[in-house]
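Colleague: Could you have a look at this structure, given as structure tokens, before my questions?
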Amino acid sequence: MEIVELAGLVTGRLGDARRRVEAVRITDGRIEAFEARGGADVVLQARGAVAIPGLIDSHAHVVFGDWTPRQNALGWIESSMHGGVTMMMSASEVHLPGRPRDRDGVKALAVTAQRAFAAFRPGGVKVLGGSVILEPSLTPDDFPGLAAMGVGLAKVGFGDFERQADAAPLVRAAQRAGIIVMNHTGGASLPDSSPVTIDDVLALGCDIIGHANGGTTALPDGDLPRLFEAPGAIQLVQAGNLRSSLKILELAKAGDALHRIVLATDTPTGTGVMPLGMIKTICELSSLGSVPATDAIALASGNNGRVLRRDEGILDVGRPGDIVLCFAPLGSAHADPLAAIEHGDIPGIAAVVIDGRLRALRSRNTPAPGGECSVIHRNENGGG
Ligand SMILES: [Zn+2]
């Protein structure tokens, strides 16, 4: 595939300005060059759209298939793809009705979800499923085996622990096995879970401090600076407390720690199914938190990719061809999509490409883009 007639490209790397890229050539799912070389089987004419990396939601409540029991909705993952999301990380399949809590059941659920999402990509979205829920029934010896079976994620904060900090030995064992662990932060989100305080967060030492701005109930303001004493990435979510999110963002800017901030939706939850949750968070933090659009996008792409140890999230030669084409929305005060984001307007998504394959032409969920892309399919045996 070749994408031509671009009005620039956002790399997804924090600190990078918009690049003057006009074309991207993608071969075998990866970016081969920032130029057109001709002969591609599919040519996507961007007609002045700006390319940004596919967004990575590092806190998605996937369960099985493209279904969420929380809001009893179908097709929500594909719908998120129409909001620019090309990869999702499971926040554990905790919403599964009747989810098991015994040792065998907890492990089997993680393995099954990992397998199921490795083989099924709704709307082409890469779902990193199978996040093992840390329960007191597990032992440190369980993690090497889980990792060997392909389970790469774990979540702490829902288990039946007296204090969530009691899970710390299991977190450490999971990390030693190479598993990325995320914790729940703040007030209890489920009737049978307990709050996670800043002391719990520090004791747990997870790779990702899940919804540091609350999911949905935030930590007290006085505790927020202490988030930066923990080692992990600090996650800000759409379904959390926006005021708390902006305060954490201020602290990150002041402490030169924007590289530690990762964005996510923490949906579907009681807050709802939010197909535009990622792009909306980018717009809110950019416009209200005075972060350049290129950096706000990086928090949702490159930063998440790095924490998840993936090469998605950055647009560069050799990286996956996960690309979203944006225009300013029709009627916006700004003609440029990045200026629109800094103004707080959700851009119009005109195309979504995953692994070099066109998945959506004109989003069905964003506002109407101020321009339109078109596609030319060449002869199947035309190469490229
Ligand atoms: Zn959550």
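Colleague: Kindly establish whether residue 145 is away from the ligand (no atom under 15 Å from the Cβ) and open to solvent by less than 10 Å² (accessible area, probe 1.4 Å).
Modeller: no
Colleague: Which residue, of 56, 77, is buried (at least 23 other Cβ atoms within 10 Å of the Cβ), part of a strand (DSSP E or B) and of a type outside the set (Lys, Arg)?
Modeller: 56
Colleague: On to the next question. I need the full set of residues from the range 74-98 which are among the hydrophobic types (A, V, I, L, M, F, W, C), more than 16 Å from the ligand (Cβ to nearest atom) and over 13 Å from residue 365 (Cβ atoms), in order please.
Modeller: Just the residues of the range 74-98 that are among the hydrophobic types (A, V, I, L, M, F, W, C), to begin with: 74, 76-77, 81, 85, 87-89, 91, 94, 96.
Retained after the next criterion (residues that are more than 16 Å from the ligand (Cβ to nearest atom)): 74, 81, 87.
Scanning the range 74-98 gives 74, 87.
Colleague: Would you be able to tell me the number of residues in the range 59-73 that are within 15 Å of the ligand (Cβ to nearest atom) and in a strand (DSSP E or B)? Can you show your working first?
Modeller: In the first step, residues of the range 59-73 are kept if they are within 15 Å of the ligand (Cβ to nearest atom); the result is 59-63, 68-71.
Keeping just the survivors that are in a strand (DSSP E or B) gives 59-60, 68.
Counting residues in the range 59-73 that are within 15 Å of the ligand (Cβ to nearest atom) and in a strand (DSSP E or B) gives 3.
Colleague: On the given criteria, is residue 214 within 26 Å of residue 327 (Cα to Cα), within 15 Å of the ligand (Cβ to nearest atom), of a type in the set (Gly, Ala, Ser) and touching a helix residue (DSSP H, G or I) at 6+ places or on another chain (Cβ under 9 Å)?
Modeller: It is false that residue 214 is within 26 Å of residue 327 (Cα to Cα), within 15 Å of the ligand (Cβ to nearest atom), of a type in the set (Gly, Ala, Ser) and touching a helix residue (DSSP H, G or I) at 6+ places or on another chain (Cβ under 9 Å).
Colleague: When the range 14-26 is examined, which residues are found to be buried (at least 21 other Cβ atoms within 10 Å of the Cβ) and over 14 Å from residue 324 (Cβ atoms)?
Modeller: Hit for the range 14-26 is 25, nothing else.
Colleague: If the Cβ limit is 7 Å and pairs must be 6+ apart or interchain, which residue in the range 185-208 that is in a strand (DSSP E or B) pairs with which residue that is modelled with pLDDT under 95 and surrounded by fewer than 18 Cβ atoms within 10 Å (Cβ to Cβ)?
Modeller: Filtered contacts from the range 185-208: 186/195; 186/217.
Colleague: Of a type outside the set (D, E, K, R) and open to solvent by 50 Å² or more (accessible area, probe 1.4 Å): which single residue out of 361, 325, 338 fits that description?
Modeller: One residue alone meets the criteria, 361.
Colleague: In addition: Being open to solvent by 10 Å² or more (accessible area, probe 1.4 Å) and among the aromatic types (Phe, Trp, Tyr) is the filter here, so list the residues in the range 115-137 that pass it.
Modeller: Once the filter is applied, which keeps residues that are open to solvent by 10 Å² or more (accessible area, probe 1.4 Å) and among the aromatic types (Phe, Trp, Tyr), the range 115-137 yields only 120.
Colleague: Which residues, counting only those in the range 243-277, are in contact with a Ser or Thr (Cβ under 7 Å, 6 or more places away or on another chain), of a type in the set (A, V, I, L, M) and more than 16 Å from the ligand (Cβ to nearest atom)?
Modeller: Matches in the range 243-277: 276 only.
Colleague: While we're on this one: Whether any residue in the range 258-273 is within 30 Å of residue 349 (Cβ to Cβ), open to solvent by less than 40 Å² (accessible area, probe 1.4 Å), assigned to a helix (DSSP H, G or I) and not basic (Lys, Arg) is what I want to check.
Modeller: yes
Colleague: Of all residues in the range 80-105, which are assigned to a helix (DSSP H, G or I) and within 24 Å of the chain's Cα centre (by Cα)?
Modeller: Hits for the range 80-105 are 80, 81.
The values are calculated or read from the model by the stated rules, or taken from the named source; none is laboratory data. Quantities reported herein were computed from a predicted structural model and do not represent experimental measurements. With ideal geometry, Cβ positions are generated from the backbone for all residues, glycine too; neighbour counts draw on all protein chains shown. The protein model used for the area step is the full one, side chains on, heavy atoms only, and it has no ligands, DNA or RNA in it. Shrake-Rupley method; radii C 1.70, N 1.55, O 1.52, S 1.80 Å.
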